[in-house]
Amino acid sequence: MTDEPALSIVVPVHNGHATIGLLVEEVSAINVDGGLEVVLVDDGSTDGSPAVCEELTCTASVPVTMVAHARNYGEHNALMTGLRHARGDYIVTMDDDLQNPPDEVKRLYEYCRDGDFDVVYTRFAEKSHAAWRNLGSWFANRTADLVLDKPKGLYLSTFRCMKHFVAKEVCRYKGPFPYIDGLIFQVTGNVGSLTVEHLPRAENKSRYSLSRLVRLWLVIMVNFSVVPLRLSTFLGLVMSGFGFTGIMWVLFEYLFLGIEVVGWPSLMLVMLLFSGLQLLILGLAGEYLGRIYLTVNARPQAVVRKVVRPKKSSKTQTP
């Protein structure tokens, strides 16, 4: 019989010293047949979170592994690191801000296990995010609907449960721009959804900025699909068609109707429009090339500064 737990809970931590202790305390109270463990990945925090996480490896009533990144790499990079250190048959990923209720962890795990799903995503009956964050999440999900091979309308939450084999396959990706959900849907289509509660933020200020949402959108669009390139090709064909039709109309007016076309302002506007579209398409192609360049040159997905294993006094929890 191995000492591997039935459930691992992976939590990326970034400046979460005020909430991470309470989160671990609450999930430690969950009774799971086969036991559970917690994997905390500190992603370059500057507020004392590393010390709090390391202390929890000694004081928590369940095994806690702390992994520290050398700097901030982003949420999905931190999750990849956590998945590589998780040993459970099932793995739940969740945020460190207590908006994902720890009480729902067991229900999510059991729903995934009993339904024999490879992955289960949560959806929220009522979200407690700011309006701009809800809008950004909606846009990211609609983008994912367009470019990912996933069930349409499935909400992609960071509070999810997956089987260990899915996590193992996801972790085969070594590139510097991981997107967990895109990798998951390359592995499996056996995906479920569960409605859970979404609590108000324990701290007033969100640590998920608009720039991070934009970077996430770019990763979804560029790293896991060639749809943007196909759209640019389609747009180029459409605009060329309009241009050709316009030329034919101008020639018809000049040759058969005797109308002399001056149109300097309209000509300049058309030039600006086409120049802008050309720069947009060049920028898009450059984004693809830049990411290929960084991947070929082995830009690290993350650099682990240290790993602190659970102390002997922390035993795998049993009911």
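Things worth noting here:
- Only one of SER206, SER225 that is assigned to a loop (DSSP other than H, G, I, E, B), surrounded by fewer than 16 Cβ atoms within 10 Å (Cβ to Cβ) and modelled with pLDDT under 70: SER206
Let's see how each residue does on (1) touching a helix residue (DSSP H, G or I) at 6+ places or on another chain (Cβ under 7 Å); (2) within 21 Å of PHE159 (Cβ to Cβ):
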residue	(1), (2)
VAL13	yes, yes
ALA18	no, yes
VAL27	yes, yes
ASP43	yes, yes
THR46	no, no
GLU55	no, no
ALA60	yes, yes
HIS69	yes, no
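- Looking only at the range 153-167, and only at residues there that are surrounded by fewer than 18 Cβ atoms within 10 Å (Cβ to Cβ) and over 15 Å from the mean Cα position of the chain (by Cα), the one that is nearest to THR188 (Cα to Cα): PHE165
- Count of the range 153-183 residues which are assigned to a helix (DSSP H, G or I) and either acidic (Asp, Glu) or at pLDDT below 95 (or both): 5
Table: residues versus (1) in a loop (DSSP other than H, G, I, E, B); (2) farther than 23 Å from TYR111 by Cα.
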| residue | (1), (2) |
| --- | --- |
| PRO5 | yes, no |
| SER8 | no, no |
| VAL11 | no, no |
| GLY16 | yes, yes |
| GLY21 | no, yes |
| GLU26 | no, no |
| LEU40 | no, yes |
| GLY44 | yes, yes |
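- Within the range 52-74, the set of residues being under 20 Å from LEU7 (Cα atoms), assigned to a loop (DSSP other than H, G, I, E, B) and not polar (S, T, N, Q) comprises ALA60, VAL62, PRO63.
- Number of the condition not met by LEU235 [criteria: (1) modelled with pLDDT under 70; (2) not assigned by TED's automatic domain parsing to the domain that holds LYS174]: (1)
- Yes/no for THR57 being more than 21 Å from the chain's Cα centre (by Cα), more than 21 Å from THR188 (Cβ to Cβ) and not small (Gly, Ala, Ser): yes
- All helices (runs of 4 or more DSSP H) inside the range 75-152 with 3 or more residues being modelled with pLDDT under 80 and surrounded by fewer than 21 Cβ atoms within 10 Å (Cβ to Cβ): 131-147
- Looking across the range 292-318, the residues that are modelled with pLDDT under 80 and either in a helix (DSSP H, G or I) or not polar (S, T, N, Q) (or both) come down to TYR293, LEU294, LYS311, LYS312, LYS315.
The values are calculated or read from the model by the stated rules, or taken from the named source; none is laboratory data. Just so it is clear, the structure is predicted and the values come from calculations on it, not from any experiment. No Cβ is skipped: glycine too gets one built from the backbone with ideal geometry, and neighbour counts run over all protein chains shown.
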